[in-house]
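Inspection log for the structure reproduced underneath, given as structure tokens.
The values are calculated or read from the model by the stated rules, or taken from the named source; none is laboratory data. Fair warning: this is a prediction, and the values are worked out from it, not measured in the lab. FYI the Cβ positions are ideal-geometry reconstructions off the backbone, even for glycines, and counts take in every protein chain you see. Ligands, DNA and RNA are excluded from the accessible area calculation, which covers all protein heavy atoms including side chains. Shrake-Rupley method; radii C 1.70, N 1.55, O 1.52, S 1.80 Å.
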Amino acid sequence: MSRISYVNGRYQHHLDAAVHIEDRGYLFGDGVYEVVTVVNGQMVDEDGHLNRLERSLSELTIKWPVTRSALGVILREVARRNKLRNGLLYFQVTRGVARRSHEFPKNVASALVVSAKHIPKLNNAPDPEGVSVITIPDIRWDRRDIKTIALLPNCLGKQQAKEVGAYEAWQVDPDGTVTEGTSSNAWIITQDGELVTRPPAHTILNGITRMRIIEIARQQGVPFVERPFSVEEAYNAREAFVSSASSFAKPVTKIDDQVVGNGHMGELTELLAQKYLEFVNQPGPA
Ligand code: PMP
């Protein structure tokens, strides 16, 4: 079955789907995006992702390309045309196509593309062996709360991780605290059993999965605090994990050369990962 993508009003074969060379996303990274997971044919946390898109657009004064409800319809249509049961919907909005000039163009419609990706084993339980992360300096800009498509520092960091066989790179601010992964939020559980993640501010992207896991932690009565934590503290943590729409809650068992806890997925991580899996698998509205 061929993949179908949506480009500015048209559903096209993925291989033919293209935007103009003067799309400002292509020229300047002047756009924002979202990734929504689809599990058993249902979008996970659709509202949360659309709320964040609304915020990203508004912070950059990019217009909605279509209404919010029309976007919901388009997302479902892309999922339907791709027979997407388990996988990801990617959608991005750029400021539109205009003659190259830094200042914002006037009277130009924003541009929307949507694509789908199948990931059959998306909702499997996490590997108890976990993954390793490295730490690297955070070289990004000061508005990491906006989900911009300008991801070059994130790509450099992920590539650095990959080259040493690690799954993710945790970015570190000059004060020695971990901000987040290149495509995920970072969490630790201290030796006292307290769940810690950085508070949402301009320094991190407030993950939709992050917010959902916080809610689950509260429901489960897990001691929880939002505060920055240092690399040193992470080395000495009892457990660690990353979260994102596509990786759910994934145990981290090594940070740089330091084994975390006993080197296997910790108890609390397992609980939160399990409850998050139950959440994404729950039947949605008919
Ligand atoms: N931080 C960054 C930098 C990311 O790219 C992502 C993934 N989009 C996240 C955190 C996690 O966000 P979410 O849970 O909404 O996928």
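Structure above, values below:
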quantity: Matching residues, region 30-46, being within 13 Å of the ligand (Cβ to nearest atom) and either in contact (Cβ under 8 Å) with a residue 40 or more places away in the chain or more than 13 Å from I208 (Cα to Cα) (or both); calculated: V32, Y33, E34, V35, V36, T37, M43, V44, D45
quantity: Scope region 161-176; condition more than 15 Å from the ligand (Cβ to nearest atom) and open to solvent by 20 Å² or more (accessible area, probe 1.4 Å); matching residues; calculated: K162, E163, V164, G165, P174, D175, G176
quantity: Matching option when the condition is more than 16 Å from the ligand (Cβ to nearest atom) and out of contact with any Gly (no Cβ under 9 Å at 6 or more places or on another chain), among H13, H49; calculated: H13
quantity: Residue within region 198-212 that is β-branched (V, I, T), part of a loop (DSSP other than H, G, I, E, B) and either surrounded by fewer than 19 Cβ atoms within 10 Å (Cβ to Cβ) or more than 16 Å from the ligand (Cβ to nearest atom) (or both) present; calculated: no
quantity: Residue list for region 78-112, filter: over 23 Å from S247 (Cβ atoms) and of a type in the set (A, V, I, L, M); calculated: V93, V97, A98, V108, A109, A111, L112
quantity: Evaluation of W187 against (1) outside the structural domain of T269 (by TED's automatic domain parsing); (2) surrounded by 18 or more Cβ atoms within 10 Å (Cβ to Cβ) (one fails), failing number; calculated: (1)
quantity: Answer residue from region 177-197, given it is in contact with a helix residue (DSSP H, G or I) (Cβ under 7 Å, 6 or more places away or on another chain) and more than 13 Å from A240 (Cα to Cα) and is farthest from the ligand (Cβ to nearest atom) among those; calculated: T182
quantity: Count of region 58-94 residues which are open to solvent by less than 20 Å² (accessible area, probe 1.4 Å) and either more than 21 Å from the chain's Cα centre (by Cα) or of a type in the set (S, T, Y) (or both); calculated: 2
quantity: Qualifying residues in region 236-279 (those that are open to solvent by less than 20 Å² (accessible area, probe 1.4 Å) and assigned to a helix (DSSP H, G or I)) - the one farthest from Q171 (Cα to Cα); calculated: L277
quantity: Residue that is nearest to the ligand (Cβ to nearest atom) [pool: residues in region 215-239 that are closer than 24 Å to H264 by Cβ and within 20 Å of the chain's Cα centre (by Cα)]; calculated: I216
quantity: Condition met for L27 (outside the structural domain of S247 (by TED's automatic domain parsing) and within 15 Å of the ligand (Cβ to nearest atom)); calculated: no
quantity: Failed criterion for I146 (all others in (1) in a loop (DSSP other than H, G, I, E, B); (2) open to solvent by 80 Å² or more (accessible area, probe 1.4 Å) hold); calculated: (2)
quantity: Selected residue [out of contact with any His (no Cβ under 8 Å at 6 or more places or on another chain) and surrounded by fewer than 16 Cβ atoms within 10 Å (Cβ to Cβ)] from P137, P128; calculated: P137
quantity: Those residues of region 166-186 which are in a strand (DSSP E or B) and either modelled with pLDDT under 95 or aromatic (F, W, Y) (or both), in sequence order; calculated: W170
